[in-house]
Amino acid sequence: AKEQGGNDYCISTPEQKIKMDRLFNIELEIKDALKKNEFHIEYQPLINLKNNQIVGVESLLRWSNQALGPISPGEFIPILEKTGDIVTVGKWILWTVCNQMKLWQENGTLLQKISVNVSPIQFKETNFINDLQEILNETQLDASYLELEITEGTILEIKDSAKTLEALQGLGVKVSIDDFGTGYSSLSYLKQLPIDTLKIDKSFIDNLDADGEIIVNTIINMGKNLRFRVIAEGIENKQQLDYLKLQKCHEGQGYYFSKPVKSEVIQKLYHQSSKN
Ligand code: C2E
Ligand code: CA
Ligand code: CA
Ligand code: CA
């Protein structure tokens, strides 16, 4: 029989058995996911808040497995990180995304940037810079169109992060600090590193609905004074958008504009947006 909560010291409740089985099955199935073509990438528009045009996209990994159905990256990315497979999958992501950007450029979908999430495991891997260089060569994408999203935590926790950031700058690739505001780093510290963009974490945008203006306002103004580009993620309603526009935040992203979508849809949205 089930008891009301408080029984998490016991690992044999039916709920926990189901959770363990699911984890086991995910770990089993994800091993062949790349080979079986089960990954694909969706793209979420990044909007210039001055003129409402699409200026770029963030790539987001998707996985759908025959037995398990679609599984969210929040659930499977930590598993890929634990097994180290995120390095191989991460290379596939970078190649696919650079290639997609090149294809868009060839058919007149002229975005300013494509933003890609990079796991700490990938970022600290010794071949990371070489692999990236190779991918840029192979896909013929000009490095200045690529922006890597690295979390504030990654920058703070990885010993040689400054060196890797400098190597990225050397390649001409841009860097954005993801989940900004959640990692307790000072802006003056970040200013010493070759970083282009701060992405204000969704939790702060959520709090705009409940008196959180002062924090968002402070991040935007300090970020802008230090010459970062500032982008807000997780914009879901017009009130949030209006406030961010008032504070002259450079860019925005969120369900209010569009959910992550397939590459063909980005093309359509781009052509609609550039007509207005
Ligand atoms: P993230 O980098 O912070 O990505 C933003 C997440 O917020 C995405 O979830 C996106 O779909 C979601 N989102 C965007 N706008 C809104 C909004 O208005 N409302 C709400 N509620 N959500 C919004 P997703 O795709 O499930 O990804 C979750 C996390 O998984 C990402 O967080 C990122 O940390 C990781 N991830 C996703 N794709 C990749 C990838 O290709 N590589 C790596 N290393 N991590 C990835
Ligand atoms: Ca991100
Ligand atoms: Ca985030
Ligand atoms: Ca995140």
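Values for this structure:
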{"read-out": "Helices (runs of 4 or more DSSP H) wholly inside the range 168-249 that include at least 1 residues being among the acidic types (Asp, Glu)", "value": "202-206, 213-225, 238-246"}
{"read-out": "Qualifying residue in the range 104-116 (condition: more than 19 Å from Glu264 (Cα to Cα), of a type in the set (Val, Ile, Thr) and either modelled with pLDDT of 95 or more or not in a loop (DSSP other than H, G, I, E, B) (or both))", "value": "no"}
{"read-out": "Elements of type strands (runs of 3 or more DSSP E) in the range 5-76, at least 3 residues being under 28 Å from Glu251 (Cβ atoms) and modelled with pLDDT of 95 or more", "value": "39-48, 54-65"}
{"read-out": "Pairs, first away from ligand 4 (no atom under 16 Å from the Cβ) in the range 43-71, second aromatic (Phe, Trp, Tyr), C-beta under 7 Å, six or more apart", "value": "Pro45/Phe257; Ile47/Phe257; Ile54/Tyr270; Val57/Tyr43; Trp63/Phe39; Trp63/Phe76; Ile71/Trp63"}
{"read-out": "Residue in the range 188-206 that is within 16 Å of ligand 3 (Cβ to nearest atom) and more than 24 Å from Tyr43 (Cβ to Cβ) present", "value": "no"}
{"read-out": "Subset tally (residues that are in a helix (DSSP H, G or I), open to solvent by 10 Å² or more (accessible area, probe 1.4 Å) and touching a residue at least 12 places away in the same chain (Cβ under 8 Å)) for the range 140-167", "value": "10"}
{"read-out": "Residue in the range 229-236 that is modelled with pLDDT of 95 or more, away from ligand 4 (no atom under 16 Å from the Cβ) and open to solvent by 20 Å² or more (accessible area, probe 1.4 Å) present", "value": "yes"}
{"read-out": "Residues that are within 19 Å of Gly56 (Cβ to Cβ) and open to solvent by less than 20 Å² (accessible area, probe 1.4 Å), drawn from the range 202-219", "value": "Ile205"}
{"read-out": "Subset of the range 175-187 [within 12 Å of ligand 3 (Cβ to nearest atom), within 17 Å of Glu157 (Cβ to Cβ) and crowded, with 16+ Cβ neighbours inside 10 Å]", "value": "Ile177, Asp178, Asp179, Phe180, Gly181, Gly183"}
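The values are calculated or read from the model by the stated rules, or taken from the named source; none is laboratory data. Everything quoted here is computed from the prediction, not taken from an experiment. Don't worry about glycine lacking a Cβ; one is built from the backbone with ideal geometry, like all the others, and counts go over all protein chains shown. Ligands, DNA and RNA are stripped out before the accessible areas are found, and what is left, the full protein with its side chains, is counted by its heavy atoms. Shrake-Rupley method; radii C 1.70, N 1.55, O 1.52, S 1.80 Å.
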